[in-house]
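See below for the structure under consideration.
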Amino acid sequence: MANYTAQDVKKLREETDAPMMECKGALDEADGDYEKAKNLLREKGKAAAAKRTDRSTAAGVVAIALSDDSKTAGAIVLESETDFVARNVDFIAIAQQIAEIYRDNVTVDEAQIKEIVEGAVAKIRENIKVTRGVRVTSENPISSYVHHDRTKGALVLCAGEFNDAVRKVAIQVVAFPPDVLKKEDLSQEKLNEEVEIETQRAINEGKDEKLARNIAQGRVNKEFIKRAVLLEQPFYVDPSKSIAQFLAEEAKSTTLTSFEYLAVGQG
């Protein structure tokens, strides 16, 4: 019989979060050698993680970590199989830990991230994966926002004088995710594609092709661009103003330079 105590089993469970019977089994297999049992559980956790990699992840959280001066940010999407796990405080803490690694390292150690995820899989018993991770830096403070359900988040960077109005733009990005910052960022290929879609829509409504093309161009300008371009979007607080107009009034010396939108299920 292996030489270990009930206290050893309890300690192993506390350190590894493995079920009690698995801890006991590992100690039996290791002939009571505590460190060897701990390594056995770690290896079994890695094997369990490998077996779960094909399972779909439909739930998860967005986590954002800012530096003390808010000029560097790490942001990640950590996905799980179920909402039950995604709402777990341990899962949320793991997501925050990984976001901090992205914040603090110019080059992220993928092996380190893999080890953290494998440990989470062994503990939580679901497929877990980082589906997106970004690190951004700015000369000005970065505005961030994570939706209350943690499934969506945004970072907004600006130049010029920092203004808290930019945080409202981060909320805008989460509420109405844009494709690009400004109209010039839209490719001609994408615009042509939208015109063709809207032309066919107008033809299906009974318009002749020439009129349909005019209608299509108007719809692309009024509908698509106002949906896809952040600065052209109606401001969520006052839809009579575009984001560009809102910033011109509330942050005259501030220019948006870029944004990052992160969401569960995004990629």
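The values are calculated or read from the model by the stated rules, or taken from the named source; none is laboratory data. The structure displayed is predicted, hence computed values, not measured ones. Counting neighbours? That spans all protein chains shown, and the Cβs are built from the backbone with ideal geometry, glycine included.
Going through (1) free of Cβ contacts under 8 Å to residues at least 24 places away in the same chain; (2) under 17 Å from the mean Cα position of the chain (by Cα); (3) more than 30 Å from residue 39 (Cα to Cα) one by one, residue 97 falls short only on (3).
Going by what's in this entry, would residue 112 be described as touching a residue at least 12 places away in the same chain (Cβ under 8 Å), assigned to a helix (DSSP H, G or I) and surrounded by fewer than 18 Cβ atoms within 10 Å (Cβ to Cβ)? Write out each step before concluding.
Values: touching a residue at least 12 places away in the same chain (Cβ under 8 Å): no; assigned to a helix (DSSP H, G or I): yes; surrounded by fewer than 18 Cβ atoms within 10 Å (Cβ to Cβ): yes.
No.
Specify the residue that is farthest from residue 82 (Cα to Cα); the eligible residues are those in the stretch 95-109 that are in a helix (DSSP H, G or I) and hydrophobic (A, V, I, L, M, F, W, C). The selected residue is 101. Within the stretch 74-86, is there a residue that is in contact with a helix residue (DSSP H, G or I) (Cβ under 9 Å, 6 or more places away or on another chain) and exposed (fewer than 15 other Cβ atoms within 10 Å of the Cβ)? No, the stretch 74-86 has no match at all.
Taken as a whole, the structure places residue 128 among residues that are within 16 Å of the chain's Cα centre (by Cα), farther than 17 Å from residue 64 by Cα and either of a type in the set (A, V, I, L, M) or not assigned by TED's automatic domain parsing to the domain that holds residue 14 (or both). Listed by first and then second residue, the pairs linking a residue in the stretch 32-44 that is charged (D, E, K, R) to a residue that is not in a helix (DSSP H, G or I), with Cβ atoms under 7 Å apart and 6 or more places separating them unless they lie on different chains, are 36/30.
Scanning the stretch 61-83 for residues that are touching a residue at least 60 places away in the same chain (Cβ under 8 Å), not hydroxyl-bearing (Ser, Thr, Tyr) and not in a loop (DSSP other than H, G, I, E, B) gives 61, 62, 63, 64, 66, 73, 74, 75, 76, 77, 79.
Filtering the stretch 147-166 to residues that are buried (at least 19 other Cβ atoms within 10 Å of the Cβ) and in a strand (DSSP E or B) leaves 152, 153, 154, 155, 156, 157, 158.
Within the stretch 178-192, can one find any residue that is under 30 Å from residue 84 (Cβ atoms) and modelled with pLDDT of 95 or more? No, there is no match, as no residue in the stretch 178-192 is under 30 Å from residue 84 (Cβ atoms) and modelled with pLDDT of 95 or more. Counting residues in the stretch 247-262 that are over 30 Å from residue 139 (Cβ atoms) and either crowded, with 19+ Cβ neighbours inside 10 Å or not hydroxyl-bearing (Ser, Thr, Tyr) (or both) gives zero. Determine if the stretch 167-182 includes at least one residue that is of a type in the set (A, V, I, L, M), more than 28 Å from residue 130 (Cα to Cα) and not in a loop (DSSP other than H, G, I, E, B). No, the stretch 167-182 contains no residue that is of a type in the set (A, V, I, L, M), more than 28 Å from residue 130 (Cα to Cα) and not in a loop (DSSP other than H, G, I, E, B). Among the residues of the stretch 172-203, those that are β-branched (Val, Ile, Thr) and surrounded by fewer than 19 Cβ atoms within 10 Å (Cβ to Cβ) comprise 180, 195, 197, 203.
Yes/no per residue for (1) aliphatic (A, V, I, L, M); (2) crowded, with 16+ Cβ neighbours inside 10 Å; (3) within 22 Å of residue 262 (Cα to Cα):
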{"position": "169", "(1), (2), (3)": "yes, yes, yes"}
{"position": "205", "(1), (2), (3)": "no, no, no"}
{"position": "211", "(1), (2), (3)": "yes, no, no"}
{"position": "227", "(1), (2), (3)": "no, no, yes"}
{"position": "245", "(1), (2), (3)": "no, no, no"}
